[in-house]
Amino acid sequence: MKNKGFTLIELLAVIVILAIIALIATPIILGIINDARTEAKKRSAELAYSGVEYAVTSYMFEHSGNVPGTVNDLKDHFRADNVTFTVSGDTATITDKANNKLCTVTYVAGENGKEAAFKVTCEGLMDEKLITVGTSK
């Protein structure tokens, strides 16, 4: 009668090969996951910036073209999915669902209340951008 099956050596060889494959694949997979997280944060930062642009435009539309005078003026007009706009003093912080800070919005006063700019800083996620509204010389 013939025994059918694998020998202990054959099983160990398969286990060693699978372990080597796992050791090679794990860092690659973790790198892909980290890259995906970074890209998602970048997209959220871009979404946050678009939300600030929308808030400025919406404020001016609702206030007959008047320029927003503070970051707080934008709070009720900010619209962006999956991010939160929180005002604290002269700045606003935009965070994602996991409460990770994405961007900071700062008001920059213009001349005679006819100009304003909002500086949007998203450190490490995108370049600092300036949204300027009002009349210019």
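Table for the structure above
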| quantity | calculated |
| --- | --- |
| Residue within the range 53-61 that is part of a helix (DSSP H, G or I), under 20 Å from Cys103 (Cα atoms), under 17 Å from the mean Cα position of the chain (by Cα) and not hydroxyl-bearing (Ser, Thr, Tyr) present | yes |
| Residue match in the range 27-41 (condition: closer than 26 Å to Leu130 by Cα, of a type in the set (Lys, Arg) and in contact with a Phe, Trp or Tyr (Cβ under 7 Å, 6 or more places away or on another chain)) | no |
| Residues of the range 67-81 satisfying the condition of being crowded, with 17+ Cβ neighbours inside 10 Å, without any contact (Cβ under 8 Å) to a residue 60 or more places away in the chain and in contact with a strand residue (DSSP E or B) (Cβ under 9 Å, 6 or more places away or on another chain) | Val71, Asp73, Leu74, Phe78, Ala80 |
| Which listed residue, of Thr95, Thr84, Thr106, is polar (S, T, N, Q), touching a residue at least 24 places away in the same chain (Cβ under 8 Å) and part of a strand (DSSP E or B) | Thr106 |
| Residue satisfying all of: in the range 94-109; within 15 Å of Glu53 (Cα to Cα) and among the hydroxyl-bearing types (Ser, Thr, Tyr); farthest from the chain's Cα centre (by Cα) among these | Tyr107 |
| Residue in the range 8-21 that is more than 15 Å from Ile131 (Cβ to Cβ) and within 19 Å of the chain's Cα centre (by Cα) present | no |
| Count - residues of the range 110-137 that are at pLDDT below 85 and closer than 17 Å to Ala55 by Cα | 4 |
| Qualifying residue in the range 82-97 (condition: modelled with pLDDT of 90 or more, surrounded by fewer than 14 Cβ atoms within 10 Å (Cβ to Cβ) and over 19 Å from Val120 (Cβ atoms)) | no |
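The values are calculated or read from the model by the stated rules, or taken from the named source; none is laboratory data. It should be emphasised that the depicted structure is a prediction, and the values quoted were computed from it without experimental measurement. Here Cβ is always computed from backbone atoms with ideal geometry, including for glycine, and neighbour counts include all displayed protein chains.
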